[in-house]
Amino acid sequence: MARRRRTLATVRRRILVVALVTVIVLMTASGLYHGARSNAGYRSLIDHSFFRKASILAVESSQIDDALTAVLVAGPTVQRQPLQADLDGLDQSTQRQAAVAASTVLPGPAGTAATDFVRGLRQRATGVADLRASIDGLLEMTSVAVPNVTAAPPAISPLSERDASALLSAAAVSFTRAEQSFADAAAALRRQSPRLSLDVPPWSKTEALLSPTGQTTFLHALATAPTLAAVHQLAIRVVSLNPPALPLQSTSGTAVLLPTSTIGVGVVVANQGNVAEAPVAIVTNLEPLDGTGVRQITDHVSIGPGTSVAVQHDTFVVHPGHHYRLVISVLAPPSDPIATGVSRAISITVAAG
């Protein structure tokens with residue numbers, strides 16, 4: 001009887017173990033099933049989020065194509081500064097869009113959809129930068145000066161039509177590569193989510209203008225456009241003295257000062273042309289008429305088109321009762337064969353004490 005009870009107890013324990021194992025297996029299977037469903041839902045959410053963001057960026061990129069085409073078509077008929085501003089805006093827009101894409105769509109879905117898409121936007125940004133560099137070099141243009149920034153952008157090295165055409169060709173290659181990157185992104189996304197079809201319209205308008213024939217026509221039109229011709233014109237706008245010249249005893253070429261041991265000289269130089277000039281040398285020379293103690297100070301500045309630069313020096317030593325010759329010379333950049341310098345001379349008399 002005792003043996004039978006032990007046998008029944010053993011059977012019960014075995015049944016309990018089997019039942020427990022069965023419950024564990026069923027719970028594990030259920031968890032895996034729901035986990036799989038959850039992972040699939042998560043992947044779908046990631047795919048759809050990328051698709052929505054990429055579609056918005058694709059529309060914005062198409063709008064840039066429209067704007068870029070308009071700039072290229074109108075370029076030979078506009079003024080330099082509006083063309084500069086338009087190119088600045090387009091360059092900044094494509095760079096900004098690529099940066100926004102990198103920060104919002106990456107890492108994106110599994111696979112390469114997001115990285116392919118961002119690469120395409122970066123290739124378009126590179127193409128716009130090359131296109132802009134081509135126009136800048138051909139026309140000797142620089143970025144529009146940023147407000148509240150005193151230093152002008154450096155002057156750009158001039159390009160021949162041949163060199164400018166090489167940059168345009170590089171831009172066209174970048175745009176073509178971008179189309180392939182977008183096609184790769186769409187294919188990668190379709191493999192993940194067959195119902196999602198990412199459509200990034202090609203920059204067909206801009207690419208048509210950058211055909212070999214289109215490049216030659218466009219660059220020649222730019223190079224010969226009267227409104228885009230480079231104008232080099234530096235001018236001395238103001239020469240000021242401290243202490244100031246006595247108005248009744250002075251003229252435009254002479255200055256009589258009250259007794260003093262030091263004088264300050266301020267100069268304002270304007271760039272009245274439409275080309276950035278750098279480096280411009282402003283040479284301030286104070287020469288005593290008795291031939292002793294000549295003092296010269298040279299400043300090197302960059303001056304953007306339509307802007308001016310001021311320099312001030314307050315350390316010229318003089319003596320009451322003596323006469324001096326002040327010469328301000330503005331020297332154009334030595335690498336610029338077109339720009340010419342200007343100068344102004346003033347005879348200074350320091351009254352005896």
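Structure notes:
- At a probe radius of 1.4 angstrom, the accessible area of the stretch 216-353 per residue rounds to 49 square angstrom.
- The stretch 245-316 - percent of accessible surface contributed by carbon and sulfur, probe 1.4 Å: 55 percent
- If you wrap the tightest convex hull around every Cα atom of the stretch 265-341 and split its volume per residue, you get 94 Å³.
- With a 1.4 Å probe rolled over the protein heavy atoms of all chains, the accessible area of 252, 329 falls in the order 252, 329, largest first.
- Linear extension gain, residue 313 paired with residue 258, 0.36 nm per residue minus alpha-carbon span: 18.0 nm
- Heavy atoms of the protein chains alone define the surface here; on that basis the stretch 161-213 has 55 Å² accessible area per residue at 1.4 Å probe size.
- The stretch 213-353: mean projected area of Cα convex hull, nm²: 10.1 nm²
- Residue 69 accessible area, 1.4 Å probe, all protein chains in place, Å² to nearest 10: 20 Å²
- Counting only protein heavy atoms and a probe of 1.4 Å, the accessible surface of the stretch 171-239 is 56% carbon and sulfur.
- Cα-projected label distance for residue 292 with residue 239, points at 7 Å along beta-carbon direction, nm: 2.5 nm
- A simple spin-label model places pseudo-atoms 7 Å from Cα toward Cβ; at residue 208 and residue 66 they are separated by 1.5 nm.
- Length released on extending from residue 40 to residue 74, taking residue separation times 0.36 nm less the Cα-Cα span: 7.1 nm
The values are calculated or read from the model by the stated rules, or taken from the named source; none is laboratory data. Note that the coordinates shown come from a computational prediction; the quantities given were computed from them, not determined experimentally. Positions of Cβ are backbone-derived with ideal geometry, glycine not excepted, and every protein chain shown enters the neighbour counts. What goes into the accessible areas is simple: the full protein's heavy atoms, side chains included, and nothing from ligands, DNA or RNA. Shrake-Rupley method; radii C 1.70, N 1.55, O 1.52, S 1.80 Å.
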